[in-house]
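Working notes for the structure below.
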Amino acid sequence: MPTETKPKLDSAAEKRLARQMTRDAVRKSAPKLHAVVKYPDPVLAKKGEVVTEFTPELAQLVEEMFDSMYAAEGIGLAAPQIGISKQITVIDVSFKERPEEKLVLINPEVVDRRGKQVEEEGCLSLPEIHEKVQRDAWVKVRAQNVRGEFFEMEGEELLARAMLHEIDHLHGILFIDRLSRLKRDLVLRRIRKLQKNGDW
Ligand code: NI
């Protein structure tokens with residue numbers, strides 16, 4: 001006797017069940033997206049709080065940060081950028097190409113650095129602004145994962161730059177703060193113009 005066949009339902013009950021299943025599927029697949037705050041929101045200039053509780057809610061928030069980052073077409077996102085002043089950042093320099101490269105850094109610290117690189121950077125909190133920034137060419141970062149376990153991550157080139165850019169966010173530093181005074185003033189003037197035109 002078959003044991004896994006569905007009990008027979010009348011068509012109204014079938015339709016109700018189908019509607020319920022669709023609702024459940026939508027709820028499970030629709031990620032909660034957080035809006036990215038823009039400069040000069042004061043949360044971007046604040047040092048994030050150290051994370052001390054590694055709860056399922058934290059893991060959930062990290063997933064939402066990845067979803068929000070991908071939706072905004074970014075390769076890195078720091079919690080202050082979604083208005084949460086905590087030391088959490090997510091990075092995926094492969095942008096969904098290689099899931100094993102998804103990186104979560106909680107309470108990260110740079111413990112070693114070498115060399116120099118100068119490349120153009122952008123930031124989800126500074127749309128349309130792209131400037132060359134000098135960074136370390138190679139870094140070693142010590143951080144905690146969503147379970148609170150400590151680990152070390154080394155990176156060079158784009159990964160080093162992404163980690164340094166995101167760690168800066170956790171300390172209230174934006175990439176425009178690393179430009180020369182003259183360049184920074186030009187960028188700020190451009191932002192004021194965009195603001196005036198309602199394009200910011
Ligand atoms: Ni940024």
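What follows draws every value from the coordinates through simple rules; no lab data is involved. Everything numeric here is computed off the predicted structure, so don't read it as measured data. For neighbour counting, all protein chains shown are included, and Cβ atoms are generated from backbone atoms with ideal geometry for every residue, glycine included.
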* Structure fact -> Between the modelled labels at Lys132 and Glu100 (7 Å from Cα along Cα→Cβ) the distance in nm is 3.5 nm
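Report the extension gain between Glu14 and Glu109 in nm, rounded to one decimal, defined as 0.36 nm multiplied by the number of residues separating them, less their alpha carbon distance.
28.7 nm
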* **Karplus-derived HN-Hα couplings along region 97-108 (A = 6.51, B = -1.76, C = 1.60, θ = phi - 60°), whole Hz, x at Gly and Pro** => 5, 10, x, 5, 8, 4, 10, 10, 10, 10, 6, x
* To do: For region 111-200, state which GluC sites (Glu not before Pro) are in a DSSP loop and have at most 10 other beta carbons lying within 10 Å of their beta carbon.
  => Glu128, Glu149
* Asked: Taking 0.36 nm per residue of separation and subtracting the Cα-Cα distance, what length does fully extending Ser180 through Lys196 add?
  -> 3.3 nm
* Asked: For Asp41 and Glu119 in one chain, what is 0.36 nm times their gap in residues minus the Cα-Cα distance, to one decimal in nm?
  -> 25.5 nm
* **DSSP-assigned coil residues among trypsin sites (Lys or Arg not before Pro) in region 124-200, each with at most 16 further Cβ atoms within 10 Å** => Arg147
* Asked: If each residue's Cβ is checked for other Cβ atoms within 10 Å, how do Ser180, Ser85, Ser125, Ser68 rank with the fewest at the top?
  -> Ser180, Ser85, Ser68, Ser125
* Asked: What ratio of Cα Rg to 2.2 N^0.38 Å holds for region 11-196?
  -> 1.18
* To do: Please give the helix 56-71 orientation as an angle from the longest Cα principal axis of the chain, in degrees from 0 to 90, rounded to the nearest 10.
  => 70 degrees
